[in-house]
Amino acid sequence: MKSIFLNLTNMKTIKLLFLPLFALALFSSCSDDDDAPAPVNPSELITNVEVIFTNENDPNDVVTLSAVSADGIVDPTLSVSGPFTANADYTATITILDDVNNEDILEEVVEEKDEHFFAYAVNQTINVLDMIRDDSIDPQRTDGNYLGVETAWSFGAASTGTFTLQLVHEASSVDDQFGEPFEFGLYTGGELDINNTWNIEIQ
Amino acid sequence: MFRYIGLLSLAITSLSFSQDCNFTLLGELSDFHDGTPIVSATIYIKENDRYITSDFDGKFKIENLCKGPLTLTISHIACETKTVYVNITGDTFKAITLEHHIEELGEVSVTGNSTKQETNTAQKAVIEVNEIEAFSSGSLADITRTISGVSTLNTGNNIVKPIIHGLHSSRVITMQNGVRMQDQEWGLEHAPTVDVNALQEITLVKGASALAYSGDAIGGAIVLRPIKAYNRDTLVGKTIAVYDSNNRGYTVSSSLFKSYKEGWFFGGQGTYRRFGDSKAPDYVLSNTGLDFKAFSLQSGYRSFEESFNVYYSYVDNEIGILSSAHIGGIDQFIESIESGQPSTIQGFTYDIKDPRQRIRHHLVKAEYERRFSNLGKLSIQYDYQSNQRQEFDRRRGDFRGVPSIDLLLQTHGLQTKFLFDSNSNVKVQAGIQSQYQDNFADPATGVFRLIPDFQRFDIGTFVTSEWKLDNGYLLEGAIRYDFNHIDAQKIYREFRWEERGYDQDFADIVVDENIAPGQLLTNPVYDFHNISVAIGAKKRIDKHEFALNYSLSNRAPNPSELFSDGLHQSVARIEVGNLRLGKETANQLSATYTYQNSRFKVLVEPYINRIDNYIFIAPTELGIRIIGQAGAFLEYEFLGTDALIYGVDLNLDYLLSERLSIKNSTAFIIGEDLKNNEALIDMPPLNTRTTIQYQNKEWNSLAVGLTSDFFAMQNNFPNYNFLYTVPSTGEEVLVDVSTPPQAYHLLHFNSSIETKLFKKNTLEIGFSIQNILNTSYRNYLNRLRFFADEVGRNFQVQLKFNY
């Protein structure tokens, strides 16, 4: 009796059906690389931020606001070295470090000043009278705005409140002259690389 | 299995002994869709090597036949070629239906058969090439959205993925020319890497019944068939050019196919598309351009007995992400919600800056098919895919221009199938599929891997069957077994490892406790065994047709759900995976009722789907996490629950006159979180679409239509809102991440005419307007809805040249 199904070609064919099973064995045998993936060394980290105020009339009167995030990822620890002196003028400067990769981030920020901008804010309860960007030493962006690394501050009567430092990256526009009340510097768009708020006191 | 095949073939061959040769076969050919007779079709009788043609009523007669099997190959200029086996045991009458494919003249059966694999009793819809061409400058999801019950999940306006009955991403599979797309479809902002201009037909199966493709497509399957070569001595092609006013975008797509009588064919197709920034009614959506390049090549040989083909396609897609969505933390997010408009609005440009995505996808496929008379068809297929996904954020210093995410996913697949179709009343298909996948996350990004390195093995085997009973019932049954093995190498940061309690529950998977300071290497391994089942029945009574379908399916959690860990800068949120997730198990029941007479058609499709361990992403309890010096960011995590999803899709079609028709499709869906007793997040709202269309063949095939699109507000949503104290002001703010946007209504216009240019060439000119009233609205299922309105009015001109 002739049966198409039982001839040799067809038997071979049916075996072919199980090809994927053998292929899987092949896949698993030749692809088993157990190499551990290389750990990523996180970049662009900001571990330490400081705003250092110096009394214009008393170089020993220094107030430092600092924020330290050990690996640049965890919630930073905020600290203030002491109170400001009432009715005094201070100059302020900023340091920004990546302690993990040992890099001076501020240097990069100044190099790419056209993409960066510092904005400051205080709340309503603290008597901060004025702030200006020191145009003699503060880096100036191509659009004419000053970056805001070097600033001068006038403090009023004794009071407590908050002080906020923001570093905005690639804002679509910035203005170093204006802001909402209690804000020094205005920006639209972009994203904040630094956004820290300290509780401060004027005595 | 072997025994069964053996018995079957014995039964068939044993009948061929007697030698009475005076029987007559009477055949009747009709159109599969409307039952009209098919006139002048060619019928090739293989056993006698003879050709005959059908008469004016679609009938044909073959006399002096011997007892035994008879193989008929029926071809017709406007239909797909079909092969039919008839067992002659006496005078026989045979009714044969053919499928119309107006654009694709006479495709041969060997490839044509693959279209019939989708299930018949489940809810499904087919989109033909002429409808696809209307979306020549759009995405796959823009096209499937025209089907009721299918909506879209957007990340801006250029990243769009389909949602079927509320389910998306890994729950909806895309089959591209017989290959399951492996394009990192797990991600919410990963749209299918497909060029719609390469497609001849899209079949969408709602629900998990298409087990020949996969057992884990809980939401459904989108089956794409590319444009193919003709089977005669021809050289054919077409070119489509589109201009969109809104984004000043242009699309050009061309295809050319050559085929020879002997059976060889070659073809190719390419598309270039360039969009600038889109515009919402009130402002430019900055950095929403697109640069899309794609081409595909195919070649092969086919005869009646065997065929083989090779196919290669490449897509290179660069997509701008809305600038204003790339923000810092929650303070800026709150500002964005409060101001109600994007924080960055710049002038129009074609430039695509960071943030952006670039995706490159290669797909190679080789397939061989062989037909065995009286038995069926064997096919063997190998495929390879390489998908590289790069996501660029705005970065500083040396990392400017370096991607933040750089993943390379490579997949090898091998599958064999056997289709037993010699008995026209019973069709059985069995197959085995295996797959090996490797994902590599490049550490050079300098950013923690969002998705880790992993390897994955899958093997699946299935049997599907279809039975036509004498009493008019069509029955389907399918069963499938799948094994998935995932072997990942994941580096955790210590704080995350401990915070999620993994140090308690998963201590055994730690490989290196200190691979880098504060980082530990783990080796999570997952094995899943899944059984899937689908059964269905269909019956036509006069003008009514009823179908019922039940399926059981399982889906293993995908790498993103298990392992995600990091900041998605382009949507300004942190996404955290969950090692404790189990597999999803879905039990679904769907029904279809169709009534059709010469003027009126109604289609009602209710469904209910119970999914255990349903995986979804939602804000964490705190809602936020502080990242280093940058402040607080929104934080989302993957969670599992038991879900019940049910709804109904409705389609009405009414022919007011020969030239005027009105159509409506409506979808309503409810999703319930059974564990937490609240609504499911991200369920599509009620929507209804009505189109009035005028057509006149005598006036250069003029077609004019007006469409109304209404989306209700989604009132069923879980509340994940939380309170947040803005550090700089001390103000406490309610962060509303939950409330869906208002309802909206859009009007669209379309028109087209066709002219003959030369003897064989036609030119079709189309003009359409989307969002005629330039309505400002936001879409609940757009992940960027917090930042900007949707796209406004668009004028579109399309030229299509057939040659």
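The values are calculated or read from the model by the stated rules, or taken from the named source; none is laboratory data. Quick caveat: nothing in here was measured; it's all calculated off a predicted structure. Note that we place each Cβ from the backbone using ideal geometry, even for glycine, and neighbour counts take in every protein chain shown.
Summary of computed values
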| read-out | value |
| --- | --- |
| Criterion: under 30 Å from A:Y187 (Cα atoms), of a type in the set (F, W, Y) and either assigned by TED's automatic domain parsing to the domain that holds B:H568 or touching a His at 6+ places or on another chain (Cβ under 7 Å) (or both) - qualifying residue of B:F275, B:F265, B:F304, B:F295 | B:F275 |
| Unmet requirement for B:D736, which otherwise passes all of (1) within 16 Å of B:I334 (Cα to Cα); (2) surrounded by 15 or more Cβ atoms within 10 Å (Cβ to Cβ) | (2) |
| Count - residues of region A:83-136 that are within 13 Å of A:L165 (Cβ to Cβ) and among the hydroxyl-bearing types (S, T, Y) | 3 |
| Residue within region B:284-293 that is surrounded by 21 or more Cβ atoms within 10 Å (Cβ to Cβ), in contact with a strand residue (DSSP E or B) (Cβ under 6 Å, 6 or more places away or on another chain) and at positive phi present | yes |
| Boolean, A:L8 is more than 11 Å from every other protein chain (Cβ to nearest Cβ) and modelled with pLDDT under 70 | yes |
| Strands (runs of 3 or more DSSP E) within region B:728-803 that include 3 or more residues of a type in the set (S, T, Y) | B:744-756 |
| Any hit, region B:637-658, residues being outside any strand (DSSP E or B), charged (D, E, K, R) and either in the same structural domain as B:A217 (by TED's automatic domain parsing) or loosely packed, with under 15 Cβ neighbours inside 10 Å (or both) | yes |
| Qualifying positions in region B:405-440 - at pLDDT 90 or above and either of a type in the set (K, R) or part of a loop (DSSP other than H, G, I, E, B) (or both) | B:K417 |
| Condition met for B:T690 (surrounded by 17 or more Cβ atoms within 10 Å (Cβ to Cβ) and at pLDDT 95 or above) | no |
| Members of region B:602-614 found to be in contact with a Leu (Cβ under 6 Å, 6 or more places away or on another chain) and either crowded, with 19+ Cβ neighbours inside 10 Å or outside the structural domain of B:I669 (by TED's automatic domain parsing) (or both), listed by number | none |
| Only listed residue being surrounded by fewer than 21 Cβ atoms within 10 Å (Cβ to Cβ), outside any loop (DSSP other than H, G, I, E, B), in the same structural domain as B:S245 (by TED's automatic domain parsing) and not hydrophobic (A, V, I, L, M, F, W, C), chosen from B:E391, B:E335, B:E367 | B:E335 |
| Strands (runs of 3 or more DSSP E) (entirely within region B:488-588) containing at least 3 residues that are within 14 Å of chain A (Cβ to nearest Cβ) and touching a strand residue (DSSP E or B) at 6+ places or on another chain (Cβ under 7 Å) | B:510-516, B:519-522, B:565-568, B:573-576 |
| Residue match in region A:113-120 (condition: in contact (Cβ under 8 Å) with a residue 24 or more places away in the chain and either facing chain B (nearest Cβ under 8 Å) or over 23 Å from A:I46 (Cβ atoms) (or both)) | yes |
| Any hit, region B:392-400, residues being more than 10 Å from every other protein chain (Cβ to nearest Cβ) and more than 26 Å from the chain's Cα centre (by Cα) | yes |
| Test: residue in region B:623-642 that is closer than 29 Å to B:N549 by Cβ, among the β-branched types (V, I, T) and modelled with pLDDT under 95 | no |
| Checklist (1) modelled with pLDDT under 95; (2) within 16 Å of the chain's Cα centre (by Cα); (3) within 13 Å of chain B (Cβ to nearest Cβ) applied to A:V51, failing item | (1) |
| Residue match in region B:351-358 (condition: assigned to a loop (DSSP other than H, G, I, E, B), charged (D, E, K, R) and crowded, with 19+ Cβ neighbours inside 10 Å) | yes |
| Residue pairs meeting the criteria (Cβ under 7 Å; at least 6 apart or on separate chains; first more than 30 Å from B:A212 (Cα to Cα) and more than 7 Å from chain A (Cβ to nearest Cβ), in region B:436-464; second assigned to a loop (DSSP other than H, G, I, E, B) and among the basic types (K, R)) | B:A441/B:R449 |
| Output for region B:595-633, where each listed residue is within 14 Å of chain A (Cβ to nearest Cβ) and of a type in the set (V, I, T) | B:I624, B:I626, B:I627 |
| From the options B:S307, B:S303, B:S379, residue that is under 27 Å from the mean Cα position of the chain (by Cα), away from chain A (no Cβ under 14 Å) and hydroxyl-bearing (S, T, Y) | B:S307 |
| Candidates B:S424, B:S379, B:S404 - the one that is assigned by TED's automatic domain parsing to the domain that holds B:N558, over 30 Å from B:I88 (Cβ atoms) and in contact (Cβ under 8 Å) with a residue 40 or more places away in the chain | B:S404 |
| Number of positions in region B:580-634 that are of a type in the set (G, A, S) and closer than 21 Å to B:A679 by Cβ | 3 |
| Of all residues in region B:743-764 being loosely packed, with under 15 Cβ neighbours inside 10 Å and over 28 Å from the mean Cα position of the chain (by Cα), the one that is farthest from B:R573 (Cα to Cα) | B:K759 |
| Qualifying residue in region B:726-735 (condition: of a type in the set (D, E, K, R) and either closer than 24 Å to B:F710 by Cβ or not assigned by TED's automatic domain parsing to the domain that holds B:G340 (or both)) | no |
| Residue in region B:294-303 that is of a type outside the set (V, I, T) and in contact with a Lys or Arg (Cβ under 7 Å, 6 or more places away or on another chain) present | no |
| So B:G6, is it closer than 26 Å to B:S465 by Cα and at pLDDT 80 or above | no |
| The one condition in (1) of a type in the set (A, V, I, L, M); (2) within 25 Å of the chain's Cα centre (by Cα); (3) assigned to a strand (DSSP E or B) that B:V704 fails to fulfil | (2) |
| Pairs where the first residue, in region B:594-614, is under 13 Å from B:L167 (Cβ atoms) and the second is not in a strand (DSSP E or B), C-beta under 7 Å, 6+ apart | B:Y607/B:H165; B:Y607/B:G207; B:N609/B:H165; B:I611/B:I218 |
| Hits in region A:121-144 - residues which are farther than 26 Å from B:D354 by Cα, of a type outside the set (A, V, I, L, M) and more than 8 Å from every other protein chain (Cβ to nearest Cβ) | A:Q124, A:T125, A:N127, A:D130, A:R133, A:D134, A:D135, A:S136, A:D138 |
